[in-house]
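Taking it in order: structure first as structure tokens, then the write-up.
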Amino acid sequence: DWTIESLDVLSDGRVVIGGGFNSFGGVARSRVARLLPNGALDLSFEPQLPTTSIVSCVALQPDQKLVLSGRFFSNTGLVRLLPTGAVDP
């Protein structure tokens, strides 16, 4: 299935989407993707979430890190991503 559960529009016009998808435009993206203002996939953002994740909400913090709520690594809760898409330790 390809579902979008949440999105957030960034100040520069990019859009972050989260939900229950494994790819966007034929490119592997596990549950979260960032789109350019023209709607194309932002290839500089490479999220590192397991394919079993489900993102139910995305929110941008003032420091440009993303907070995601949903189910991750077999737990329900929050995950914060760096601007590159890597999980913030």
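Worth pointing out:
- Residue tally, condition acidic (Asp, Glu) and exposed (fewer than 11 other Cβ atoms within 10 Å of the Cβ), over region 44-66: 1
- Annotation note: of Gly77, Gly70, Gly20, the sole residue that is surrounded by 15 or more Cβ atoms within 10 Å (Cβ to Cβ), out of contact with any Leu (no Cβ under 9 Å at 6 or more places or on another chain) and not acidic (Asp, Glu) is Gly20.
- Look at region 56-68: where a residue is within 10 Å of Arg80 (Cα to Cα) and of a type in the set (Lys, Arg) and a partner is open to solvent by 60 Å² or more (accessible area, probe 1.4 Å) and not in a loop (DSSP other than H, G, I, E, B), sitting 6+ places away or on another chain with Cβ atoms under 6 Å, you get Lys65/Arg80.
- Among the residues of region 80-89, the ones that are surrounded by 17 or more Cβ atoms within 10 Å (Cβ to Cβ) and among the small types (Gly, Ala, Ser) come to 1 in all.
- Odd one out for Gly25 among (1) among the small types (Gly, Ala, Ser); (2) closer than 25 Å to Pro89 by Cα; (3) modelled with pLDDT under 90: (2)
The values are calculated or read from the model by the stated rules, or taken from the named source; none is laboratory data. If you're wondering where the values come from, they're calculated on a predicted model, not measured in any experiment. All Cβ positions, glycine included, derive from the backbone under ideal geometry; neighbour counts span all protein chains shown. All accessible areas refer to the heavy atoms of the entire protein, side chains included, with ligands and DNA or RNA removed. Shrake-Rupley method; radii C 1.70, N 1.55, O 1.52, S 1.80 Å.
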